[in-house]
1. Please find, among Ala86, Ala90, Ala137, the residue that is more than 20 Å from Glu48 (Cβ to Cβ) and at pLDDT 95 or above.
2. Could you say whether any residue in segment 186-193 is farther than 25 Å from Ile212 by Cα, surrounded by fewer than 20 Cβ atoms within 10 Å (Cβ to Cβ) and among the small types (Gly, Ala, Ser)?
3. Looking at the structure I just gave you, is Val63 part of a helix (DSSP H, G or I), within 21 Å of Leu161 (Cβ to Cβ) and out of contact with any Pro (no Cβ under 8 Å at 6 or more places or on another chain)?
4. Anything in segment 139-173 that is of a type in the set (D, E, K, R) and either within 17 Å of Val207 (Cα to Cα) or assigned to a helix (DSSP H, G or I) (or both)? List them, or say none.
5. Counting only residues that are of a type in the set (Asp, Glu) and outside any helix (DSSP H, G or I), how many does segment 174-231 have?
6. Just to be sure, is Leu170 at negative phi and in the same structural domain as Ala221 (by TED's automatic domain parsing)?
7. Which one of Ala62, Ala71 is among the small types (Gly, Ala, Ser) and buried (at least 22 other Cβ atoms within 10 Å of the Cβ)?
8. Filter segment 128-143 for residues that are within 13 Å of His164 (Cβ to Cβ), surrounded by 14 or more Cβ atoms within 10 Å (Cβ to Cβ) and small (Gly, Ala, Ser) and give the result.
Amino acid sequence: MATRRTGRSFLGTFGLVLLAIAGLFAVDTFLAKTERAESQVEAVRLFEQGRVLMQRGENAEAVKRIKNAIAIERGNRDYLRTLAQAQLAAGQTADAESTLAELLQADSTDGLANLIMGHVLVKEGRFAEAVSYFHWAIYGSWNQDATKNRLQARFELIDLLAQHDSKAELLAELLPLQDETLPNLEARTRVGRLFLQAASPARAADVFRGIIHDAPANSDAYAGLGESEFARGNYRAAQRDFQTALRLAPDDRTARQRLDSSNELLLLDPTVRNLGPAEHFRRSRKLVEATMEETRLSFSKYRYI
């Protein structure tokens, strides 16, 4: 009997010990979760402070706050991307590149990180390298609004190529946009003008005709179509398009100037009947000279769209 009572007492004590251990474990787990939750709240607070400072243009101070948030919540990709943006805005391009390299080493398909890296390299004057990162941004992964963000990245790349007057590369980036559903008429008009800059007036004409089909009273589209026809030497068609543009927007000085140029070039038409050889030659030479000059001015107009 004594042995049996001793065994029961031991089991009872052992059970109490297990309950105490379980209770302590539960309390410890609760405290740890509470501490983590409080730390996350603090990280979010610091991060939001950093974003507000960035909006105010206080980028150096923003970098400090966001770094403090990252020290609490290491590996947060949103925080790291925003840190890189703040570093770039603060002129800390080397630090921004280092931050982005860490992100891209973990995930080379990160669309936003690639786009920011492109911005950093442009800032550093590393044009060829920047182009590659813009491409990776276009075809990379995005957490939200992937179609919109990829289109924006492509437009940024297109602007970069346009600024460097890289016609072949510019045309290559514009071609995929022919199959895109662009958000508005302004974007479509921009693409048409960029096709002109890329020395592809036939494609530009197609874009402007599409706009006119959808918006017959769009004066910019008629002016763009006039530029396209002018660049292809179709001066009579250009004349009609510029006249229509001016009828819709009488104060458009550029369209007025281009109409005057079209009229002048039509007066030099060497195909008019009954011209003598000397006059035919004079008109042909003047026409070539005037066309070359007008084309140069036309392309330079769209160089930095």
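1. Numbers: Ala86 fails: more than 20 Å from Glu48 (Cβ to Cβ); Ala90 fails: more than 20 Å from Glu48 (Cβ to Cβ).
Among Ala86, Ala90, Ala137, only Ala137 is more than 20 Å from Glu48 (Cβ to Cβ) and at pLDDT 95 or above.
2. At the first step, the residues of segment 186-193 found to be farther than 25 Å from Ile212 by Cα are none.
Scanning segment 186-193, I find no residue that is farther than 25 Å from Ile212 by Cα, surrounded by fewer than 20 Cβ atoms within 10 Å (Cβ to Cβ) and among the small types (Gly, Ala, Ser), so the answer is no.
3. Values: part of a helix (DSSP H, G or I): yes; within 21 Å of Leu161 (Cβ to Cβ): no; out of contact with any Pro (no Cβ under 8 Å at 6 or more places or on another chain): yes.
Judged against the criteria, Val63 is not a match.
4. In the first step, residues of segment 139-173 are kept if they are of a type in the set (D, E, K, R); the result is 145, 148, 150, 154, 156, 159, 165, 167, 169, 173.
Lys148, Arg150, Arg154, Glu156, Asp159, Lys167, Glu169, Glu173 - these are the residues of segment 139-173 that are of a type in the set (D, E, K, R) and either within 17 Å of Val207 (Cα to Cα) or assigned to a helix (DSSP H, G or I) (or both).
5. Residues that pass the stated criteria total 1.
6. no
7. Values: Ala71 fails: buried (at least 22 other Cβ atoms within 10 Å of the Cβ).
Just one listed residue meets the conditions, Ala62.
8. Initially, segment 128-143 is screened for residues within 13 Å of His164 (Cβ to Cβ), giving 128, 130-131, 134.
When the remaining residues are screened for being surrounded by 14 or more Cβ atoms within 10 Å (Cβ to Cβ), the result is 130-131, 134.
Answer for segment 128-143, where residues must be within 13 Å of His164 (Cβ to Cβ), surrounded by 14 or more Cβ atoms within 10 Å (Cβ to Cβ) and small (Gly, Ala, Ser): just Ala130.
The values are calculated or read from the model by the stated rules, or taken from the named source; none is laboratory data. Computed from a prediction, not measured in an experiment: that's the story for all the values here. All Cβ positions, glycine included, derive from the backbone under ideal geometry; neighbour counts span all protein chains shown.
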